[in-house]
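Notes to accompany the following structure.
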Amino acid sequence: MGYIHDTGMTAFIHPCEATPTVGTWAMAVASHLWTLNKTAGADTSVLKIPLKLPGNSAGLKGALLKSVDIWWINATADLNGLSAELYLSTLPAQAGTLAASAQTITYDSSHDTAAKRVTQAVHKMTLTLSAPVWLDEDNEAYVELTVNAAATSAVKLYGARANYTLRV
């Protein structure tokens, strides 16, 4: 039986896997590039971006989540705000309570202030966990991306990527 310890694993999250709370969002394709597009409108949407990685009931096995990259474009008008939080939830036992805890993250240097995140540009934002986390068999990891759009902001989500170590 072999052993795998690969520090360079990634998992792409397609934009259709993100779930928005408010606003009008629709999948679109142009030049073979799929995006989740927000129709212009002044509102605040929260997108849940699931990080589907292998968990393991044994300690220090499965996926060690280290960082998440998110690609989006903003056009027409600067956003009023954009922020991200990374959560780890624990699925409850029978009759238990679902609990989620925010993980401490840092933004990359191109997105480390609110002013840098709201600009009209193509963005690749990296969220790095201050303390990488091993996913258990009963964990769900996800990013909540809060997009506070101006009346004419046009946002397109290209997707995300989870970066992790795989140990099995």
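Note on the chain: Rg/Rh from C-alpha atoms, Kirkwood Rh, equals 1.00.
Ordering of 63-76, 87-100 by packing is 63-76, 87-100, highest average first (other Cβ atoms within 10 Å, averaged per residue). Protection proxy ranking for 127-135, 4-12, using the average of other Cβ atoms within 10 Å per residue and placing the highest first: 127-135, 4-12.
With a Cα cut-off of under 28 Å and a minimum spacing of 8 residues unless on different chains, the lysine pairs in the stretch 14-167 number 20.
If I take R0 = 35 Å and measure r between the Cβ atoms of residue 98 and residue 31 in this structure, what FRET efficiency does the formula 1/(1 + (r/R0)^6) give, to the nearest 0.05? For residue 98 and residue 31, the calculated efficiency is 0.30. Note on the chain: helix-only mean residue ellipticity at 222 nm, from DSSP H runs of 4+ residues weighted -39500 (n - 2.57) and normalised by residue number, equals -500 deg cm²/dmol.
Every read-out reported here was derived from the displayed coordinates using simple, explicitly stated rules and does not represent laboratory data. Since the model is a prediction, treat every value here as computed from it, not as a measurement. Note: ideal-geometry Cβ built from the backbone for every residue, glycine included; neighbour counts use all protein chains shown.
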